[in-house]
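**Student:** Sharing a structure, written as structure tokens. Questions coming.
The values are calculated or read from the model by the stated rules, or taken from the named source; none is laboratory data. In this text the structure is predicted, and so the values were computed from the model without any measurement. Every residue, glycine among them, receives a Cβ derived from its backbone with ideal geometry; neighbour counts consider all protein chains shown. To get the accessible areas, we keep the full protein, side chains included, count just its heavy atoms, and leave off ligands, DNA and RNA. Shrake-Rupley method; radii C 1.70, N 1.55, O 1.52, S 1.80 Å.
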Amino acid sequence: MAPTVNPDKLLSNAMQIVERANDVIANEQTLRTLPAESQKVILKNSISPLPLHKTLVLLEQIQTLADSSCLNHLLLALASSVITSVSNLKFRPEVCVSKKLKDDAAVVEAWFSVVNVMAEDLRKLQICHSTPAIVQNADSRNISTSLMANSLDAVITSPPYPNEKDYTRTTRLESVLLGFIQSKAELRLLKEGLIRSNTRNVFKVDTDDIWVSKHLEIQQIANEIEKRRIELGKTSGFERLYHRTVKLYFGGMAKHLADLRYILRPGAQLAYIVGDQKSFLQVMIRTGSILADIAQGLGYEVVGIDLFRTRLSTTTKEQMREEVVLLRWSGKMPLNSYPFSDKVL
Ligand SMILES: C[S@@+](CC[C@H](N)C(=O)[O-])C[C@H]1O[C@@H](n2cnc3c(N)ncnc32)[C@H](O)[C@@H]1O
């Protein structure tokens, strides 16, 4: 559980760090850089040399001078300010590197202004301090290993879609700067803990597809994608993985929904926001309706599928549906608890 952070203490601690970081920046002649292994993991040119140097000085001062109750907040502020004000990254909406690279950036000032916003928010939220929040770093496909049985009344989530988006790219720079990923091997470990939703996080040893091996619609979609790939003569390694990615995606979601049943209290309500997709050779994947079908087979009641919004597809110029799949857990396990798998699980 996160300790209560005092906003005044956060600000005074940050001011101390600003002073010290500015001193070091003013007096150091040689630019600091990331270790070679870490450098290979970030997107090329995602941060210019001088802004990176200043960021590494600031990071060191945060790690040295932060009070233990403020450390995580101050690091989070750095993750935010680096992406929005210091890096060369743009979100359109996918992450990319801007053509105009920054020679310099007001690294310390940008960080301090985020800390100020944070302190303001903390003041407003003081009223909620009696409401605990716990953050778990875990894989939702094995949710019963991190949450207690029969303990949840509600789930609201925006899981990945089968959309060829590598979620680890979006947060790559801050993940590397804060030391969560320091090499390609660690990046792979992170990817292994995610639902397979894009060909960049599919591995030879993956087996989540067994969870939907008897789900007709998913098998038909995967076959259609593979048939279209062959017809179009697409032979790259990634294109060859498209059909498998779809099966692994829905298999992973089925595994999550199956495991979650042990954690939910009877009557628990669930909302999953997902979007229809045509990312794999334009074969339509009605994500919401397929997830609802999987959930129903696993014993959930489908309360409804609401339209959340429509999004314009950049490739097909079609309006694609984004939906909220609403479910309810009755508490009754179906006779066949894994109805879409032909393996004994
Ligand atoms: C559609 S995004 C939602 C992002 C979130 N709503 C936000 O605004 O930051 C899906 C998220 O699910 C995470 N994810 C993927 N597989 C996961 C897993 N097995 N367990 C937990 N989270 C996972 C991804 O890293 C990504 O951040």
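**Student:** Looking at the stretch 273-327 from every direction and averaging, what is the projected area of its Cα convex hull in nm²?
**Tutor:** With the hull built on Cα positions only, its mean projection is 3.7 nm².
**Student:** Now for a different question. Give me the distance in nm between label points sitting 7 Å out from Cα along the Cα-to-Cβ direction at H129 and L76, one decimal.
**Tutor:** 1.6
**Student:** Leaving out ligands and nucleic acids, note down the accessible area per residue over the stretch 197-345 with a 1.4 angstrom probe, in whole Å².
**Tutor:** 48
**Student:** So for the stretch 7-125, what are the equivalent ellipsoid semi-axes in whole Å, largest first, each being the square root of 5 times an eigenvalue of the Cα gyration tensor?
**Tutor:** Semi-axis lengths for the stretch 7-125 are 25, 18, 12 Å.
**Student:** Given R₀ = 35 Å, what would the calculated FRET efficiency be for S113 paired with E192, taking r from the Cβ atoms and rounding to 0.05?
**Tutor:** 0.45
**Student:** Determine, from the Cβ-Cβ distance of E301 and Q16 and an R0 of 41 Å, the FRET efficiency 1/(1 + (r/R0)^6), rounded to the nearest 0.05.
**Tutor:** 0.15
**Student:** Using only Cα positions of the stretch 108-213, each an equal point scatterer, no hydration layer, compute I(q)/I(0) via Debye at q = 0.11, 0.14, 0.15, 0.17 Å⁻¹ and quote the log10 values to two decimals.
**Tutor:** The calculated log intensity ratios at q = 0.11, 0.14, 0.15, 0.17 Å⁻¹ are -0.57, -0.87, -0.97, -1.12.
**Student:** Once ligands and nucleic acids are excluded and a 1.4 Å probe is used, how much of S130 is accessible, expressed in Å² to the nearest 10?
**Tutor:** That residue has around 100 Å² of solvent-accessible surface.
**Student:** On to the next question. What is the calculated FRET efficiency for M333 to L56, with r their C-beta to C-beta distance and R₀ = 30 Å, to the nearest 0.05?
**Tutor:** Efficiency at R0 = 30 Å is approximately 0.05.
**Student:** Follow-up. In the stretch 264-308, which residues have a backbone nitrogen under 16 Å from the label point lying 7 Å from A154's Cα in the Cα-to-Cβ direction?
**Tutor:** Label zone hits: 264-273.
**Student:** Another question, then. Give, rounded to the nearest 20 debye, the magnitude of the charge dipole that the chain has about its Cα centre when Lys and Arg contribute +1 at Cβ and Asp and Glu contribute -1 at Cβ.
**Tutor:** Charge dipole, the chain, about its Cα centre: 960 debye, nearest 20.
**Student:** Round to a whole number: what % of the accessible area of the stretch 144-236 belongs to carbon and sulfur, probe 1.4 Å?
**Tutor:** 55
**Student:** Please get the size of the charge dipole for the stretch 7-125, origin at its Cα centre, with Cβ charges of +1 on Lys and Arg and -1 on Asp and Glu, quoted in debye to the nearest 20.
**Tutor:** Computed charge dipole of the stretch 7-125: roughly 540 debye.
**Student:** Once both axes come from the Cα atoms, what is the angle between helix 287-297 and the longest principal axis of the chain, in degrees from 0 to 90, rounded to 10?
**Tutor:** 60
**Student:** From the C-alpha gyration tensor of the chain, pull out the three semi-axes of the equivalent ellipsoid (sqrt of 5λ each), sorted largest to smallest, in whole Å.
**Tutor:** One finds semi-axes of 41, 27, 17 Å for the chain.
**Student:** Could you sort E231, E323, E224 by their accessible area in this structure, using a 1.4 Å probe and putting the largest first?
**Tutor:** Descending order: E231, E224, E323.
**Student:** Percent relative contact order of the stretch 162-229, based on C-alpha pairs within less than 8 angstrom and at least six residues apart?
**Tutor:** Relative contact order comes out at 34 percent.
**Student:** In addition: Divide by every residue of the chain the summed helix terms, -39500 (n - 2.57) for each DSSP H run of at least 4, and state the resulting mean residue ellipticity at 222 nm, rounded to the nearest 500 deg cm²/dmol.
**Tutor:** -13000 deg cm²/dmol
**Student:** On to the next question. With the radius of gyration and the Kirkwood radius both derived from the Cα set of the stretch 1-56, what is their ratio Rg to Rh?
**Tutor:** That ratio is 1.12, to two decimals.
**Student:** Taking the 0 to 90 degree range and rounding to the nearest ten, how far is the long axis of helix 71-81 tilted relative to the main principal axis of the chain, both from C-alpha atoms?
**Tutor:** Tilt relative to the chain: about 80 degrees.
**Student:** Something else about it: For the stretch 7-125, which whole percent of the accessible surface, found with a 1.4 angstrom probe, sits on carbon and sulfur atoms?
**Tutor:** Looking at the stretch 7-125 in its full context, I get 55 percent from C and S.
**Student:** At q = 0.12, 0.13, 0.14 Å⁻¹, what log₁₀ I(q)/I(0) does a Debye calculation on the Cα points of the stretch 199-345 give, no solvent, two decimals?
**Tutor:** -0.54, -0.62, -0.72
**Student:** Calculate, for the stretch 7-125, the solvent-accessible area per residue in square angstrom, rolling a 1.4 angstrom probe over the heavy atoms of the protein chains.
**Tutor:** I get 54 Å² per residue for the stretch 7-125.
**Student:** Provide Rg and Dmax in Å for the stretch 240-285, with only Cα atoms included in the calculation.
**Tutor:** Looking at the stretch 240-285, its Cα Rg and Dmax stand at 14.0, 42 Å.
**Student:** Okay, which of the stretch 44-85 sit inside 19 Å, backbone N to the point 7 Å along the Cα-Cβ direction of R200?
**Tutor:** Taking a point 7 Å out along Cα→Cβ of R200, the residues of the stretch 44-85 whose backbone N falls under 19 Å are 44-48, 83-84.
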